[in-house]
């Protein structure tokens, strides 16, 4: 059977975005020889669960760190790895406020290089997180943005996490959905050439066919990147970004509170 792309590889839309204001409170560490952002929940708010964060092509930039802080504020012990090794895509823009890239930047080669590294290191990184920070009763969730979506699907397919979520995904083929075993939330933009209407509908058809629990968030009037790189001075874009995250938190809270994950 042909394994078609549903969420296409990252494109020009992934280079757009606004930098959000705020001071991240987590710390940088090294896990499985990969730089990792680590942020525990505030004292008295821990729910005992671990959240694995797979970044978009912008890597561990301020917006992503603040998002991770938000998940920690909801009670999760959060870990996000830098599979770009200090080489996120924004470093290849002419400047932070310019959506064009340096003339000599080969975006396709950049994606190929970093995806090969991520494919190799993510499984071992997860095992190290579990070994050093997990306890016998710890449950795990994972969230990915854009480039990070395949790693969410991989963990849901292997059953190493109880529930997962992604926002404005890239690099997903049909097998990523057919192989899922545990619940998935899809947080999507109406205007997204990477994961367009036809592809979203095909993904949902697959999830219904294999009977894995899912939830689709679909926000009108926003584009790829809305959940992480929207303009926070625009009230609607701020609202949508906050609704995406709130929905993901509630999705995790529900499934990780269950005794077991059951197919519907």
For the stretch 1-9, does any single residue satisfy the condition of being modelled with pLDDT of 95 or more and touching a helix residue (DSSP H, G or I) at 6+ places or on another chain (Cβ under 6 Å)?
no
Expected single match for crowded, with 16+ Cβ neighbours inside 10 Å and at pLDDT below 95 among 238, 263, 229, 200 is 229
Picked from the stretch 156-171 (must be surrounded by fewer than 24 Cβ atoms within 10 Å (Cβ to Cβ) and in contact (Cβ under 8 Å) with a residue 60 or more places away in the chain), the residue nearest to the chain's Cα centre (by Cα) is 171
Counting only residues that are under 29 Å from residue 48 (Cβ atoms) and part of a helix (DSSP H, G or I), the stretch 177-212 contains a total of 1
Open item on the list: Would you confirm whether or not the stretch 215-226 contains a residue that is farther than 24 Å from residue 32 by Cβ, at pLDDT below 95 and part of a loop (DSSP other than H, G, I, E, B)?
Closed with: yes
request  = Taking residue 173 as the residue in question, decide whether it is within 16 Å of residue 145 (Cα to Cα) and out of contact with any helix residue (DSSP H, G or I) (no Cβ under 8 Å at 6 or more places or on another chain).
outcome  = yes
Among residues of the stretch 65-82 being in contact with a strand residue (DSSP E or B) (Cβ under 7 Å, 6 or more places away or on another chain) and not in a strand (DSSP E or B), the residue surrounded by the most Cβ atoms within 10 Å (Cβ to Cβ) is 76
Exactly one of 187, 220 is touching a strand residue (DSSP E or B) at 6+ places or on another chain (Cβ under 6 Å), at negative phi and surrounded by fewer than 17 Cβ atoms within 10 Å (Cβ to Cβ), and that residue is 220
Screening 142, 153 for residues that are buried (at least 23 other Cβ atoms within 10 Å of the Cβ), closer than 17 Å to residue 256 by Cβ and in contact with a strand residue (DSSP E or B) (Cβ under 7 Å, 6 or more places away or on another chain) leaves only 142
Of the residues in the stretch 93-124, those that are over 15 Å from residue 34 (Cβ atoms), modelled with pLDDT of 85 or more and exposed (fewer than 13 other Cβ atoms within 10 Å of the Cβ) number 4
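The values are calculated or read from the model by the stated rules, or taken from the named source; none is laboratory data. This structure is a prediction, so every number in the text was calculated from the model and none was measured. All Cβ positions, glycine included, derive from the backbone under ideal geometry; neighbour counts span all protein chains shown.
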